[in-house]
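Student: I'd like to ask some things about the structure below.
Just so you know, all these numbers are worked out from the coordinates, no wet-lab data involved. The model shown is predicted, which means the values in this text are computed figures rather than measured ones. For neighbour counting, all protein chains shown are included, and Cβ atoms are generated from backbone atoms with ideal geometry for every residue, glycine included.
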Amino acid sequence: MSQNAEIPILKLLPSMHGRIREGHPWVFAESLKKHDPLPAGSLVRLMTDYDYDCGIGFYNAHSSIAIRLLHTHEDVNVEFFVNRLRSALAIRERVFPTMNSYRLCFGESDELPGLIIDRYGDYCAMQCLSAGMDARIDMIISALKEILPSLKGVIAKHDSPLRLKEGLQQGEYIVYGEIPDNINIQEHDIQLEISLVHGQKTGYFLDQRLNRKWVEQLSSGLDVLDCFTNQGGFALHAAKGGAKSVLGIDSAKQAIEASKRNAELNKYSHVDFEQADVFDFLKSSVQAGKTWDMIILDPPAFTKSKATLARAKRGYAEINRQALKLIRPGGFLVSASCSQHLSAQMLIEIVQTESKRVNRTLRLIHSGGQSPCHPILPIMPETSYLKCLTFEVQ
């Protein structure tokens, strides 16, 4: 008998099927009829109140997202993960045929809800953000080994606070093979040395890949300031694009050290990095009368929920206002946000409001988003989060 014939059936309350039948993979606890207790990570079959089969998914009573649908009626085994991950790999290889570093799996957008996998050549960093995926790590590793025959190591970067909402423990550990202290990758002919063991999140922010290329195209002859530089991604692309000078700022000592190594690796002598709090650095630069031709703002998410959106808006307003004071006439402001709850229109309105406060006139000349290796599921706005706007400052 198949596994699916034996799994429990949970039913939706009346009138709760619309969004689910349209393809949204999240089923919230309040949408379900009462049912017997089930272990976290259990497979369940979801039915509407009129007995339409919505397929199977992972259940977790500890989470407000009670079921994460897999949009399948098949058994969830190694073959299931092989098929899903092979499909995800195929689109990455088509979009980035000469690269071997990208987000291989972007959770719900790749029909593997709660699973994030970043590939860096022969190594992978993964995050299991749901109990169902966490319970099937061995299956996932077996599938990765099949679709990536040269795979040498996988590290679980399970430090996300989202795991706490699933009733899961946090931690980082190697789940397969070995992970060296540093891994060399390439992005648009720029050499990068990254650390999966010590780096933030899954090692490198791959979602800004195309926006960094855009900055490279725009930087010729400019003095560039890269705020929240992390490992120097934007700064190095500006240098490659022919910037006259580049300065990267980050509050983390480890990020500055990594950025300096990457600059040396590419033999960029006109790139400097400085450890400082970006808010303080911008204010002191205004007081000192410093100016740049391009300023890049790529801060971490200032909000993870709607409850803190107002405070986040104040943070975005502050850094954009100070940056606008420092940009020479005819220069450029590149302003990004990875806060899912802050829309592109909200960011535009914030920058526009602050430009009026400091008597600057703006033209929006480019609007970028997340890399194609972070695909957006149209039915699921939650999968669209990155905005990267470029303004010409008059």
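Student: Evaluate the relative contact order of the chain (contact order divided by residue number), counting alpha-carbon pairs under 8 angstrom at least 6 apart; express in whole percent.
Tutor: The value is 11 percent.
Student: Same structure, new question: Pairs of alpha-carbon atoms within less than 8 angstrom and 6+ residues apart define the contacts here; what relative contact order does the stretch 78-179 have, in percent?
Tutor: 23 percent
Student: If a/c stays under 1.5 just call it rounded; otherwise compare a/b with b/c (prolate if a/b is bigger, oblate if not). Do that for the stretch 139-186, with a ≥ b ≥ c from the square roots of the Cα gyration tensor eigenvalues.
Tutor: It is oblate, given that a/c is not under 1.5 and a/b is not larger than b/c.
Student: For Q254 and D189 in one chain, what is 0.36 nm times their gap in residues minus the Cα-Cα distance, to one decimal in nm?
Tutor: 21.0 nm
Student: Turning to a different aspect of this structure: Treating cross-link reach as a plain straight distance, find the aspartates and glutamates whose alpha-carbon is under 15 Å from the alpha-carbon of K152, omitting any fewer than eight places away in the same chain.
Tutor: Straight-distance partners of K152: D118, D122, E178, D181.
Student: Tell me, what are the semi-axes, in whole angstrom and largest first, of the equivalent ellipsoid of the stretch 78-179 as set by the roots of 5 times the Cα gyration tensor eigenvalues?
Tutor: Over the Cα atoms of the stretch 78-179, the ellipsoid semi-axes are 21, 15, 13 Å.
Student: Tell me the net charge near V246. Cut-off is 15 Å between Cβ atoms, V246 excluded, with +1 for each Lys or Arg and -1 for each Asp or Glu.
Tutor: -3
Student: Counting alpha carbon pairs within less than 8 Å and at least 6 residues apart, what relative contact order, in whole percent, applies to the stretch 99-237?
Tutor: Reported as a whole number, the value is 17 percent.
Student: Placing +1 at every Lys and Arg Cβ and -1 at every Asp and Glu Cβ, with all other atoms neutral, what dipole size does the chain have around its Cα centre, in debye to the nearest 20?
Tutor: About 1280 debye.
Student: Would you tally the net charge around I147, using a Cβ to Cβ cut-off of less than 14 Å, leaving I147 out, and scoring K and R as +1, D and E as -1?
Tutor: 0
Student: From the helices alone, meaning DSSP H stretches of at least four residues, give me the mean residue ellipticity at 222 nm for the chain, per-run term -39500 (n - 2.57), in deg cm²/dmol to the nearest 500.
Tutor: So the helix-based figure for the chain works out to -8500 deg cm²/dmol.
Student: Turning to a different aspect of this structure: Compute the Rg to Rh ratio over the stretch 3-69 from the alpha carbon atoms, using the Kirkwood formula for Rh, and round to two decimal places.
Tutor: In the stretch 3-69, Rg relative to Rh is 0.91.
Student: Let me ask another. Once you've got the GNM for the chain with C-alpha springs shorter than 10 Å, pick whichever of M126, M346, M294 has the biggest mean-square fluctuation.
Tutor: Top of the fluctuation ranking is M346.
Student: Find the Rg to Rh ratio for the chain, where Rh is the Kirkwood radius over alpha-carbon pairs and Rg uses the same atoms.
Tutor: Using Cα coordinates only, the ratio equals 1.01.
Student: Also: What does the net charge come to around G330 if you take all other residues with beta carbon closer than 13 Å to its beta carbon, with K and R at +1 and D and E at -1?
Tutor: 0
Student: Still on this model: Dividing the Cα radius of gyration by the Kirkwood radius, what Rg/Rh value follows for the stretch 353-394?
Tutor: 1.17
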